[in-house]
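Quick one: the structure is below, and I'll ask about it shortly.
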Amino acid sequence: NLILSFESSCDETSVAVIENGDHILSNIVATQIKSHQRFGGVVPEVASRHHIEQITSCIEDALTEAQVGYDDLDAVAVTYGPGLVGALLIGVTAAKTVAFAHHLPLVPVNHMAGHIYAARFLKPIEFPAMALLVSGGHTELVYMAEPGKFEIIGETRDDAAGEAYDKIGRVLGINYPAGKEVDRLAHLGKDTFDFPRAMDQDDSFDFSFSGLKSAFLNTTHHADQIGETLSREDLAASFQQAVVDVLADKTVRALREFPVKQLILAGGVAANLGLRERLTTELEAFDQTELLLAPLKLCGDNAAMIGAAGYVFYNQQKFGDASLNADPSLEFDWLASGATV
Ligand code: ATP
Ligand code: MG
Ligand code: FE
């Protein structure tokens with residue numbers, strides 16, 4: 001089985017060829033980060049233009065690198081939400097065009113399901129499974145009773161973890177996206193600021209990062225006003241420790257209430273080394289639960305993960321048709337209800 005998959009939900013244009021849902025023949029990722037950096041974040045109109053410019057050559061490169069032609073393909077998979085509507089539409093339109101020109105089934109994929117299936121390249125996913133999904137736009141704990149069923153048991157009530165990294169990174173003078181550099185600085189500093197761990201002890205599995213962000217901004221702003229210079233390393237370490245503490249504590253409690261065979265860490269923030277280390281340590285206490293850390297190179301947005309998820313939905317015959325549209329605020333619901341598109 002060969003799937004040509006598309007991802008264009010944000011600022012990466014990506015096309016991949018995936019064999020049997022678990023083998024990457026090619027995974028072309030054209031990033032636009034440089035174009036957005038001077039604005040300090042992703043500008044939707046700029047993103048759409050880049051996707052349009054890049055998508056055709058991404059398809060050609062993906063097929064060439066995989067050494068396959070359109071006739072070898074079995075299906076086309078595409079991210080249709082959530083994300084930026086204009087950005088999503090480029091991938092959806094390209095995927096539809098290829099699918100209908102070559103009489104291939106079209107498989108719509110939820111971007112967040114894609115993030116989870118990045119772990120599929122490590123080994124088969126065993127159910128029930130739990131995913132800690134941490135990215136630029138989402139922070140959620142997802143319980144999966146079986147393939148294709150996604151139940152959100154907890155989520156952020158305000159900022160996503162990645163968003164918080166990017167916002168405090170800006171104050172530290174770090175370019176968007178700041179997560180990786182804050183992570184690096186954090187490993188050089190100490191947790192000296194004792195920032196708040198919001199909702200850490202409450203009963204829900206929900207998260208909140210806006211208070212942490214405000215505490216961070218207040219601390220740096222106050223230091224500025226009195227002319228004091230704070231250690232960037234210690235600021236980063238203190239921020240990261242607060243984020244990791246909350247993510248890890250909630251995940252551990254979720255695993256106690258919902259015993260699962262695997263915990264999957266996925267999404268852009270899953271590349272965070274502090275978080276990977278902490279979950280590795282925490283999971284030692286769970287001998288029935290295996291930890292799958294999404295491969296570092298597949299934590300950020302890419303089409304390979306969309307192909308892996310697409311393979312699962314392909315086998316479940318969850319196909320889309322010519323009316324498939326981008327859905328910027330797509331949720332997991334239709335998957336949980338078992339409905340087909
Ligand atoms: P979503 O997946 O929710 O739609 P997105 O696709 O924009 O959002 P991703 O590409 O999955 O987000 O992740 C990007 C985010 O990951 C950015 O906020 C970035 O700062 C963050 N990030 C990347 N590497 C790290 C790291 N090592 N530590 C913390 N955050 C990181
Ligand atoms: Mg991105
Ligand atoms: Fe993403």
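The values are calculated or read from the model by the stated rules, or taken from the named source; none is laboratory data. The shown structure was predicted, so the numbers you read here are calculated from the model rather than taken from an experiment. With ideal geometry, Cβ positions are generated from the backbone for all residues, glycine too; neighbour counts draw on all protein chains shown.
Just name the residue that is nearest to ligand 1 (Cβ to nearest atom) out of those in region 269-321 that are surrounded by 15 or more Cβ atoms within 10 Å (Cβ to Cβ) and of a type in the set (S, T, N, Q).
Result: Asn272.
Restricted to region 25-41, and to residues that are within 15 Å of ligand 3 (Cβ to nearest atom) and in contact (Cβ under 8 Å) with a residue 60 or more places away in the chain, which residue is farthest from the chain's Cα centre (by Cα)?
Top of the filtered list is His36.
This table checks each residue for (1) free of Cβ contacts under 8 Å to residues at least 12 places away in the same chain; (2) within 16 Å of ligand 3 (Cβ to nearest atom); (3) more than 15 Å from the chain's Cα centre (by Cα).
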{"position": "Ala248", "(1), (2), (3)": "no, no, yes"}
{"position": "Val269", "(1), (2), (3)": "no, yes, no"}
{"position": "Leu273", "(1), (2), (3)": "no, no, yes"}
{"position": "Glu277", "(1), (2), (3)": "yes, no, yes"}
{"position": "Tyr314", "(1), (2), (3)": "no, no, yes"}
{"position": "Asp321", "(1), (2), (3)": "no, no, yes"}
{"position": "Asn325", "(1), (2), (3)": "no, no, yes"}
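Does any residue of region 197-213 turn out to be within 16 Å of ligand 1 (Cβ to nearest atom), closer than 26 Å to Val109 by Cα and either within 24 Å of the chain's Cα centre (by Cα) or without any contact (Cβ under 8 Å) to a residue 12 or more places away in the chain (or both)?
Residues of region 197-213 that are within 16 Å of ligand 1 (Cβ to nearest atom), as a first pass: 207, 209-210, 212-213.
Checking the rest, the ones that are also closer than 26 Å to Val109 by Cα come to 207.
Then drop every residue that is not either within 24 Å of the chain's Cα centre (by Cα) or without any contact (Cβ under 8 Å) to a residue 12 or more places away in the chain (or both), which leaves 207.
Scanning region 197-213, I find at least one residue that is within 16 Å of ligand 1 (Cβ to nearest atom), closer than 26 Å to Val109 by Cα and either within 24 Å of the chain's Cα centre (by Cα) or without any contact (Cβ under 8 Å) to a residue 12 or more places away in the chain (or both), so the answer is yes.
A follow-up question, please. Scan region 1-22 for residues that are more than 17 Å from Leu84 (Cα to Cα) and either in contact (Cβ under 8 Å) with a residue 60 or more places away in the chain or within 14 Å of ligand 2 (Cβ to nearest atom) (or both) and report the count. Let's see the steps before the verdict.
Let us first name the residues in region 1-22 that are more than 17 Å from Leu84 (Cα to Cα), namely 1-5, 15-22.
In the following step, the residues that additionally are either in contact (Cβ under 8 Å) with a residue 60 or more places away in the chain or within 14 Å of ligand 2 (Cβ to nearest atom) (or both) were identified as 1-5, 15-18, 20-22.
Summing the residues that are more than 17 Å from Leu84 (Cα to Cα) and either in contact (Cβ under 8 Å) with a residue 60 or more places away in the chain or within 14 Å of ligand 2 (Cβ to nearest atom) (or both) in region 1-22 gives 12.
Right, next: Condition (residue is over 21 Å from Gly40 (Cβ atoms) and charged (D, E, K, R)) applied to region 158-168: is it met by at least one residue? It would help to see each step written out before you state the result.
At the first step, the residues of region 158-168 found to be over 21 Å from Gly40 (Cβ atoms) are none.
Within region 158-168, none of the residues are over 21 Å from Gly40 (Cβ atoms) and charged (D, E, K, R).
Any idea which of Leu217, Leu212 is touching a helix residue (DSSP H, G or I) at 6+ places or on another chain (Cβ under 8 Å), more than 30 Å from Ser8 (Cα to Cα) and crowded, with 19+ Cβ neighbours inside 10 Å?
Leu212
If you go through region 109-117 one residue at a time, do you hit one that is farther than 13 Å from Ser9 by Cβ and either within 16 Å of ligand 1 (Cβ to nearest atom) or at pLDDT 95 or above (or both)? Please lay out each step first, then the result.
Step one: filter region 109-117 for residues farther than 13 Å from Ser9 by Cβ, giving 116-117.
Filter once more, so that each one left must be either within 16 Å of ligand 1 (Cβ to nearest atom) or at pLDDT 95 or above (or both): 116-117.
Scanning region 109-117 turns up at least one residue that is farther than 13 Å from Ser9 by Cβ and either within 16 Å of ligand 1 (Cβ to nearest atom) or at pLDDT 95 or above (or both).
Take the residues of region 1-20 that are crowded, with 20+ Cβ neighbours inside 10 Å and away from ligand 1 (no atom under 15 Å from the Cβ): which is nearest to Phe121 (Cα to Cα)? Talk me through it step by step, then tell me what you get.
So in region 1-20, the residues crowded, with 20+ Cβ neighbours inside 10 Å come out as 3-18.
Okay, now just the ones that are also away from ligand 1 (no atom under 15 Å from the Cβ), so 3-5, 15-18.
Working: Ile3: 15, Leu4: 16, Ser5: 15, Val15: 16, Ala16: 13, Val17: 13, Ile18: 10 Å.
Here the residue is Ile18.
Another question, if that's okay. So, in region 184-203, how many residues would count as being surrounded by 13 or more Cβ atoms within 10 Å (Cβ to Cβ) and in a loop (DSSP other than H, G, I, E, B)? Working first, answer last.
Within region 184-203, the subset surrounded by 13 or more Cβ atoms within 10 Å (Cβ to Cβ) is 184-187, 189, 191-193, 195-200.
Narrowing the set further to residues that are in a loop (DSSP other than H, G, I, E, B) leaves 187, 189, 191-193, 195-200.
The total comes to 11.
For region 237-257, state whether one or more residues are within 29 Å of Ala30 (Cα to Cα) and more than 16 Å from ligand 2 (Cβ to nearest atom).
First, the residues of region 237-257 that are within 29 Å of Ala30 (Cα to Cα): 240.
Next cut, more than 16 Å from ligand 2 (Cβ to nearest atom) only: 240.
Checked region 237-257: at least one residue is within 29 Å of Ala30 (Cα to Cα) and more than 16 Å from ligand 2 (Cβ to nearest atom).
This table checks each residue for (1) out of contact with any helix residue (DSSP H, G or I) (no Cβ under 6 Å at 6 or more places or on another chain); (2) among the aromatic types (Phe, Trp, Tyr); (3) in a strand (DSSP E or B); (4) at pLDDT 95 or above.
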| site | (1), (2), (3), (4) |
| --- | --- |
| Ser9 | no, no, no, yes |
| Val17 | no, no, yes, yes |
| Phe39 | yes, yes, no, no |
| Ile59 | yes, no, no, yes |
| Ala62 | yes, no, no, yes |
| Val68 | yes, no, no, yes |
| Ala77 | no, no, yes, yes |
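Could you say which residue among Ala308, Ala303 is modelled with pLDDT of 95 or more, within 16 Å of ligand 2 (Cβ to nearest atom) and within 30 Å of Asp61 (Cβ to Cβ)?
Working: Ala308 fails: within 16 Å of ligand 2 (Cβ to nearest atom).
After ruling out the rest, the residue left standing is Ala303.
For a quick check of your reading of the model, give me the residue pairs whose first member lies in region 124-153 and is aromatic (Phe, Trp, Tyr), whose second is assigned to a strand (DSSP E or B) and within 16 Å of ligand 1 (Cβ to nearest atom), with beta-carbon atoms closer than 9 Å and at least 6 apart or on different chains.
Tyr143/Ala131; Tyr143/Ile152; Phe150/Asn110; Phe150/Ala131; Phe150/Val142
Follow-up question, since we're still on this one. Could you check region 239-341 for helices (runs of 4 or more DSSP H) lying wholly inside it with 2 or more residues that are closer than 16 Å to Ala129 by Cβ? Before you say what the answer is, go through the steps one by one.
On the way: elements: 273-282, 303-315, 333-336.
Those helices (runs of 4 or more DSSP H) span 303-315, 333-336.
Name every residue in region 122-175 that is more than 10 Å from ligand 1 (Cβ to nearest atom), surrounded by fewer than 23 Cβ atoms within 10 Å (Cβ to Cβ) and of a type in the set (Val, Ile, Thr), in order of residue number.
Result: Ile125, Ile152, Ile153, Thr156, Val171.
Right, next: Quick one: in region 23-40, which of the residues that are within 13 Å of ligand 2 (Cβ to nearest atom) and surrounded by fewer than 15 Cβ atoms within 10 Å (Cβ to Cβ) is farthest from Glu65 (Cα to Cα)?
Filtering region 23-40 down to residues within 13 Å of ligand 2 (Cβ to nearest atom) leaves 29-37.
Okay, now just the ones that are also surrounded by fewer than 15 Cβ atoms within 10 Å (Cβ to Cβ), so 33-34, 37.
Working: Ile33: 24, Lys34: 25, Gln37: 30 Å.
Step by step, filter region 23-40, then rank; the result is Gln37.
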